[in-house]
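This report refers to the structure that appears directly beneath it.
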Amino acid sequence: MMPPTRQDGHGVIVTGGASGIGRAVVELVLQRGGCVGVVDLDPSKVDDLRHLHPGRLITLTGSVLDPDALRRAWTGCTAELPAPVTGLVNCAGIPPAPVGIEQLEIADWTRIVDSHLHGTFVSCKTIGAELASAGRGGSIVNLASVLAFRPGPVLAYAAAKSGVVSLTSALAVHWASQGVRVNAVAPGWTDTPFLRPKDRAPRDLGPIVSATPMGRLLQPREIAEVICFLLSPAASAVTGSTIPCDGGVMAGSGWAPYGGFPAAQADACAERLMPAT
Ligand SMILES: NC(=O)c1ccc[n+]([C@@H]2O[C@H](COP(=O)([O-])OP(=O)(O)OC[C@H]3O[C@@H](n4cnc5c(N)ncnc54)[C@H](O)[C@@H]3O)[C@@H](O)[C@H]2O)c1
């Protein structure tokens, strides 16, 4: 029997597919026999993809904020890919602004919220609606974030990601009867260019590694595996869910610095429960 996470016979459109988590999804789907259409804003990263699998990969430089670009992607993919498009993964987006509300320019708030929440909405409205009306069913995976649930001091980005979680649930209900599943993943800190924007000073990643109980950055491929599961028939019962893949960040909130129980308390308790003989 075919492994349930094989992707052959299916096409997937990946927004923001030229870098990081999106690119890992593209590589995994291609390796597993599927076809991919990529829409990404960055022409040089899009160029880097072209060698991957010319027969099963179509690329388009464009923005998720541009419905015409997304319509072109749908039309191009349905006409040229050798398998029908049944999947959509919304990875496109820009990094958060690391400043408080007093410093955050209104234009930056709008840019960040647009890129994540409005972009996911426009992509679902154009490509998702095509999936639903094509009548073959399908699977949409949106990128939320652990910050949707644990924002810390992060403003626009965390608010946008909470919006993505809500949008995901609403669309899951809306399209359930048409066989289109809509889910999200909520990654923790993942080792992609997103964590090191070129236009900013280098950042000490030590604090976010210590806030992650697994004690390391996640790899884009690990997130892509969860996304590919949600795209596949193995996830046929899953819709409206947001799946954390965060190295334990949410489960361990506030506890990561101890790495478990504070050592001194644990020793005292062990002595009480198991008195020395
Ligand atoms: N890296 C992390 O730690 C992390 C954690 C949680 C969630 N996420 C989310 O995962 C998704 C992918 O992030 P990543 O880490 O792979 O980042 P990345 O920077 O490596 O990739 C993002 C891609 O999106 C593209 N993009 C940006 N704006 C676009 C637009 N308007 N239209 C089309 N393409 C656009 C960029 O060109 C880039 O190729 C994002 O939604 C991000 O918020 C990332």
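Some notes on this structure:
- When every residue of the stretch 215-229 is checked against the conditions, at least one turns out to be open to solvent by 50 Å² or more (accessible area, probe 1.4 Å), assigned to a loop (DSSP other than H, G, I, E, B) and either touching a residue at least 60 places away in the same chain (Cβ under 8 Å) or within 16 Å of the ligand (Cβ to nearest atom) (or both).
- Condition met for residue 81 (crowded, with 16+ Cβ neighbours inside 10 Å, within 10 Å of the ligand (Cβ to nearest atom) and either within 22 Å of residue 129 (Cα to Cα) or not acidic (Asp, Glu) (or both)): no
- Residue that is among the aliphatic types (A, V, I, L, M), within 20 Å of residue 223 (Cα to Cα), surrounded by fewer than 21 Cβ atoms within 10 Å (Cβ to Cβ) and modelled with pLDDT of 95 or more, where the choices are 106, 140, 101, 94: 94
- Just one of the listed residues (33, 16) is at positive phi and surrounded by 15 or more Cβ atoms within 10 Å (Cβ to Cβ), namely 16.
- A count restricted to the stretch 168-192 and to residues that are more than 22 Å from residue 210 (Cβ to Cβ) and within 16 Å of the ligand (Cβ to nearest atom) stands at 5.
- Residue satisfying condition, being within 18 Å of residue 96 (Cβ to Cβ) and without any contact (Cβ under 8 Å) to a residue 60 or more places away in the chain, within set 193, 187, 207: 207
- Among the residues of the stretch 57-71, those identified as surrounded by 15 or more Cβ atoms within 10 Å (Cβ to Cβ) and either on the phi > 0 side of the Ramachandran plot or out of contact with any Pro (no Cβ under 6 Å at 6 or more places or on another chain) (or both) are 57, 58, 59, 60, 62, 63, 64, 65, 66, 69, 70.
- Some residue of the stretch 101-122 being without any contact (Cβ under 8 Å) to a residue 60 or more places away in the chain, away from the ligand (no atom under 12 Å from the Cβ) and closer than 23 Å to residue 230 by Cα: yes
The values are calculated or read from the model by the stated rules, or taken from the named source; none is laboratory data. If you're wondering where the values come from, they're calculated on a predicted model, not measured in any experiment. Backbone-built Cβ (ideal geometry, glycine too); neighbour counts: all protein chains shown. All accessible areas refer to the heavy atoms of the entire protein, side chains included, with ligands and DNA or RNA removed. Shrake-Rupley method; radii C 1.70, N 1.55, O 1.52, S 1.80 Å.
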